[in-house]
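Structure record follows, encoded as C-alpha cells.
Where a number appears in this text, it was derived from the coordinates with a stated rule and is not lab data. Keep in mind that what you see is a predicted model, and the values were worked out from it rather than measured. Neighbour counts are summed over all protein chains in view; Cβ atoms, including those assigned to glycine, are modelled from backbone coordinates with ideal geometry.
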Amino acid sequence: MAFNPDPKPGRWILPLVVLGMIAFTYFFVRELPEASTETTLIAGDGTTTTTLEGGELSTTTTTGQSNLDPATQAYLDQIDAIDEELQVQRTEIVTVNTGFNQDPREVEFSDAEDRFEAVQAATQALADRLRALTPPVGLEANHGTLQTALDLAVVTAGEALDGLRSTDTGERRNNAVEGYVTAATDYDTEVTNTHNAATA
C-alpha cells in the first residue's frame, strides 16, 4: 500500500482560494478611477460645494439668481437690513440693563440713560424707515405685522428709559426690556414669514 504523506490534501484548497480572492481584489481596485474629493449639492437658491483640501473640508456656497421681481427683492432686502439693525439694538438694551442690574453695577446710571436713549432713537428711526416702505402685492398683511412688532419695540424702549428714570425698584424697566426682546424676536420671525410668502 502506497504511503500518502498528506492524508488531507484538500485542506490547502481554501487558503489558495482566499489568496486568489485577495489578489484579484487588489488588482481590481487599482484599476478603478480615483474617487473625486469634491461633492456638489444643488439647492433651490444656489449651489454648495464641499472640497477636501489637505485633509480638511472646505465648503463654498454660490447663491443662485433670485426669481423674484426687482421691487419685491428690494423690499425683502430692506426688511432684512432693518432686522439686522434691530437685533443689534436688542443686544444693546439687554447688555445695558444687565450691567445696570449687577451688584456692583457695571453700567452706571448716566451711561445707562444715554445708551437707552440711543436705543430708543435708533428703534424709532427703524420704525419710520419701515413705515416708508410700500409692501408688494400679497405682502400687505406681513408688512402690518412687521410694523406692529417694530412699533412695540419703540414703545418698550421708551418704557425702559422711563423706568430707569423713575423711583421704581427696577421691575418696570426689566419688564420693558423683556418686552423689547419679544418685539425684536417677533419682527425677526415675521421677516422669515414674509420671505416664505414672497417665494410661495
*asked:* Output wanted: per-residue J couplings in Hz (rounded whole) for the range 71-78, from phi through Karplus 6.51 cos²θ - 1.76 cosθ + 1.60, θ = phi - 60°, x for Gly and Pro.
replied: 5, 5, 5, 5, 5, 5, 5, 5
*Please label the shape of the range 70-199 as rounded, prolate or oblate, based on the square roots a ≥ b ≥ c of the eigenvalues of the alpha-carbon gyration tensor (a/c under 1.5 means rounded; beyond that, a/b larger than b/c means prolate, else oblate).*
prolate
*asked:* Along the charge dipole of the range 59-200, pointing to its positive end and built from +1/-1 on Cβ of Lys, Arg, Asp and Glu, which listed residue (Thr182, Gln78, Pro104) has its Cα farthest out?
replied: Gln78
*Take every Cα pair under 8 Å in the range 70-199 that's 6+ residues apart, average their separations, divide by the length, and report that relative contact order as a whole percent.*
31 percent
*Tell me the label-point distance for the pair Ala200, Asp151, using the 7 Å Cα-to-Cβ offset, in nm and rounded to one decimal.*
2.3 nm
*Fewest to most neighbouring Cβ within 10 Å: what's the order for Asp83, Asp103, Asp188, Asp168?*
Asp103, Asp168, Asp188, Asp83
*Label points 7 Å out from Cα along the Cβ direction at Val94 and Phe109: separation in nm?*
2.7 nm
